[in-house]
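Here the structure comes first, spelled out in structure tokens, and everything after it is commentary.
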Amino acid sequence: LQAGAPGVVDTFFVAFGGDAGEDVFRNEVEYALELFATRFHAAGRTLGLLNHPDTTKRFPIASRSNLRQALAGIAARMDREEDLLVLFLSSHGREDSALDLVFEPLPLDPLTPAELRAALDDAGIRWRVVIA
């Protein structure tokens, strides 16, 4: 990922598709990555994490640990006082408000709101928009 420019509010974008069982989540992640790269001037500052059998060579798996690593890596490249992170999460939700993470046969645990909050806080990303 490219670093942000000093004195400019840069947008960093992460698209996270958690369920490999349906093409809709892959489609949403791929579309959102293109949209933010072009319309929101985030080219070079976008990252996709995706569970889908057709994309394993292009995208890292959407897991809780990979999301934590992605957020830490982005935080190291952004100005945490001025830059913005937009995090787009696409998957099936659960009654407990967690997001299902499914990529059989991998045993992935769901992403809970508390775990997501902790990952963002631990990365030190101040300005963030979460779309779920």
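Dipole of the chain (Lys/Arg Cβ +1, Asp/Glu Cβ -1, origin at the Cα centre): which of Ser91, Ser65, Phe12 lies farthest to the positive side?
Of the options given, the answer is Phe12.
Give the average over all directions of the projected area of the C-alpha convex hull of the stretch 1-52, one decimal, in nm². List each step's numbers first, then the result.
Details: hull surface 13.7 nm².
If I average the Cα hull's projected area over directions, I get 3.4 nm².
Suppose every Lys and Arg Cβ carries +1 and every Asp and Glu Cβ carries -1, with no other charges. What dipole size does the stretch 1-107 come out with about its Cα centre, to the nearest 20 debye? It would help to have the intermediate numbers written out before the result.
Numbers: 10 positive and 16 negative charges, 79 e Å.
Here the stretch 1-107 has a charge dipole of around 380 debye.
Going out from 0 in 5 Å bins, what whole percent of all Cα-Cα distances in the chain drops into each bin?
Spelled out bin by bin, the chain gives 2, 11, 22, 25, 20, 13, 6, 2, 0, 0 percent.
Have a look at Val29, Leu120, Gly44 and report the one farthest towards the positive end of the charge dipole of the chain, computed about the Cα centre with Cβ charges (Lys/Arg +1, Asp/Glu -1).
It is Gly44, whose Cα lies furthest towards the positive end.
Given the rule -39500 (n - 2.57) for each run of at least 4 DSSP H residues, summed and divided by the residues of the chain, what is its mean residue ellipticity at 222 nm, to the nearest 500 deg cm²/dmol?
Details: 3 runs with 41 residues, N = 132.
It lands at -10000 deg cm²/dmol.
Considering only C-alpha atoms, what is the centroid distance from the stretch 1-73 to the stretch 111-132, in Å?
Distance between centres, Cα-based: 15 Å.
Where a number appears in this text, it was derived from the coordinates with a stated rule and is not lab data. Note that this is a predicted model, so its numbers are computed, not measured. Note: ideal-geometry Cβ built from the backbone for every residue, glycine included; neighbour counts use all protein chains shown.
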